[in-house]
1. Pairs on different chains or at least eight residues apart, Cα atoms closer than 24 Å: how many lysine pairs in the chain fit?
2. Scan segment 160-263 for GluC sites (Glu not before Pro) in coil per DSSP, keeping those whose Cβ has at most 16 other Cβ atoms within 10 Å, and list them by number.
3. If R0 is 30 Å, what FRET efficiency do you get for residue 52 and residue 95 from their C-beta distance, rounded to 0.05?
4. With angles folded into 0 to 90 degrees, how steeply does helix 414-427 sit against the dominant principal axis of the chain? Use alpha carbons for both and round to 10.
5. Note the full-extension length gain between residue 335 and residue 67 as 0.36 nm times their separation in residues minus their Cα-Cα distance, in nm to one decimal.
6. Percent relative contact order of the chain, based on C-alpha pairs within less than 8 angstrom and at least six residues apart?
7. So for the pair residue 59, residue 376, with labels modelled 7 Å out along Cα→Cβ, what separation do we get in nm?
8. Pick out which of 331, 134, 205 has the largest mean-square fluctuation in a Gaussian network model of the chain, springs linking Cα atoms closer than 10 Å.
Amino acid sequence: MLSLLLLTSSALAWKHTGFYWPDDRYPIEWWHDGDPLEDSLPEDYCQPVIQSSWDNWQEAAPCAGLSDEYQGEVDSMDGRSSGDGMTTFHWEDPSDEQEPGVLGVTYTIGNGRYSLTKNGQTYQEVYDSDIVFNDGVDFGVTEDILNGICAGETSIESVATHEIGHLHGLGHSCEQGESCTDSDLQEATMYWSASGCDVSGIDPNIDDVTSMNALYSVFGTFAATTSTSGGSPLDVSFTITSDAEVTGALWTFGDGETSEEYPSVTHTFSKEGQFFVTCTMDLADPECGESSYTQTRIGYVTACDKPHPEEGNDGFFQIEAAYGRTWQTINHTDVSTYGCVDTIQWEIYEGSAAEGEPVQVIGAWSPTIEFEKDGTYTILMNVGGPGGIEGSKMTIDVADLGDRESLCATVPAMSGLAAAVGAFAAAFRRRR
């Protein structure tokens, strides 16, 4: 991820880069590259000005909870080390990476974990972020520029503050080529360009602070307060939790229905399916201002009808003679909605009815059944899930004759299924 600060003009509203520092990385540990030093600055000025640039953000955006900790000096004579997990500030572009006109670059590497979603954007945790200042720029000292001692030099503190904004995950308030007429954007520390003898960038303004707070400050989340899995119609209650005041919400439930109730809402999922639930929540905090966050929980609700055969099948299974007294079942249970079938049990009884104790009990999806002797057998297959228990039964005549006849099971009347359901319920265990 490269975030550039260039020497040209203009363009439109703040953006985040898609990276953020998780709480367990604060305070952010950082190092200062002591060799080579920036030759246009006093030798003892480089580390203190970086510390001042960190402090500029912490003072401007106290709600964001930012903090840092200086770890000392490193030597990068052989160039910048990429991906070493150390946040380092480099002078004089030790790896010769910068193009003419670039003041500084923030190089950010994520750890591959997208563990935060805000405003509809998903953010990756930062693993390493280095800042490199261009060796072709004459940088000036803040105090000199404020005192009128400036011959076109660029404020190093302004550039460092801007790049630390990128390091935290802020994008430019305006980009090159975009129309940018809002003074809050043009005067922001995160404006994409900078000019000589200008120290205004050392003080983050309202747009900068709003951007930082949107990423690190007041935050809301929602969760279900009742079961999210069950038979349809399924009533699920949700509520928003936030340290800030919840001032509005827009819920989308994944079934075509929406609601603007807040901070809590109850919704009925009337048809079978696995549903994404999204909430855009409006929050207000007396110190941190207003913000709006969007959170989506993928496949959060599972509403299930009773198990049923796939379309086009009268029963849940077929069975075919394979060889000898071995028969092969073919399962036609509809599993198009993930989670709506979680248990299956086959019971084989001697005789033309499911009576007495079964001679075999099998838990496989489409088992191969081996019968010990010729005779009449009843096969009972039950499937269960959040929506309940259903099944089929079939009576077959087994003989070691090599018969290949294919039979279709029918869905029995409830009276014929009652004994099997009782036996099934006793063995029923939901997988989690």
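1. Count of close lysine pairs: 4.
2. Counting only loop positions with at most 16 other Cβ atoms within 10 Å, the GluC sites (Glu not before Pro) in segment 160-263 are 175, 178, 187, 257, 260, 261.
3. My answer for the efficiency is 0.70.
4. Helix 414-427 sits at roughly 50 degrees to that axis.
5. 91.4 nm
6. Taking the mean separation of contacting Cα pairs over the length of the chain, I get 13 percent.
7. Roughly 9.5 nm, to one decimal.
8. 331
Each reported figure results from applying straightforward, stated rules to the coordinates on display, with no laboratory input. What you are looking at is a predicted structure, and each value in this text was computed from that prediction instead of being measured. Positions of Cβ are generated from backbone atoms using ideal geometry, with glycine treated the same way; all protein chains shown enter the neighbour counts.
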